[in-house]
């Protein structure tokens, strides 16, 4: 502890968090986030890497797949749709042992319909379907029928 009672920042915690963050979100996303660091947000990036990615994602009891379910659910619960989309992509692209299937993601959204509300689930289905289409896991939308008037 420092003189003011704070725990000193650990570069080991940051580096360990970075390993977890890359494993869960992928190198491309993490590299993009780190490239967007600046004087204003750098401390925040360090904070989430040390605490969210090391202190929480680094805990052994639940495993990445369970944490993925939890994060998707919580992002819907707080209407954090951008983060939901990021974690849907990460869940579909992650390491095989923690990857989620479209069916598993659908089940998270179905449960959210009951616990978070139908409008939340409706929005989440739109987001997830768009991502599944991007990845070729869901057929593209067909064109609407031509107006016959």
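The values are calculated or read from the model by the stated rules, or taken from the named source; none is laboratory data. What you are looking at is a predicted structure, and each value in this text was computed from that prediction instead of being measured. With ideal geometry, Cβ positions are generated from the backbone for all residues, glycine too; neighbour counts draw on all protein chains shown.
For this structure, a couple of remarks:
- Evaluation of residue 100 against (1) within 13 Å of the chain's Cα centre (by Cα); (2) outside any loop (DSSP other than H, G, I, E, B); (3) within 24 Å of residue 134 (Cα to Cα) (one fails), failing number: (2)
Matching residues to (1) assigned to a helix (DSSP H, G or I); (2) out of contact with any helix residue (DSSP H, G or I) (no Cβ under 6 Å at 6 or more places or on another chain); (3) surrounded by fewer than 17 Cβ atoms within 10 Å (Cβ to Cβ):
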position	(1), (2), (3)
47	yes, yes, yes
53	yes, no, no
60	no, yes, yes
68	yes, no, no
72	yes, no, no
82	yes, yes, yes
91	yes, no, no
133	yes, yes, yes
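- Any hit, the stretch 25-34, residues being out of contact with any helix residue (DSSP H, G or I) (no Cβ under 9 Å at 6 or more places or on another chain), part of a helix (DSSP H, G or I) and in the same structural domain as residue 132 (by TED's automatic domain parsing): no
- A single member of 124, 80, 113, 90 is under 18 Å from the mean Cα position of the chain (by Cα), without any contact (Cβ under 8 Å) to a residue 24 or more places away in the chain and not assigned by TED's automatic domain parsing to the domain that holds residue 24, and it is 80.
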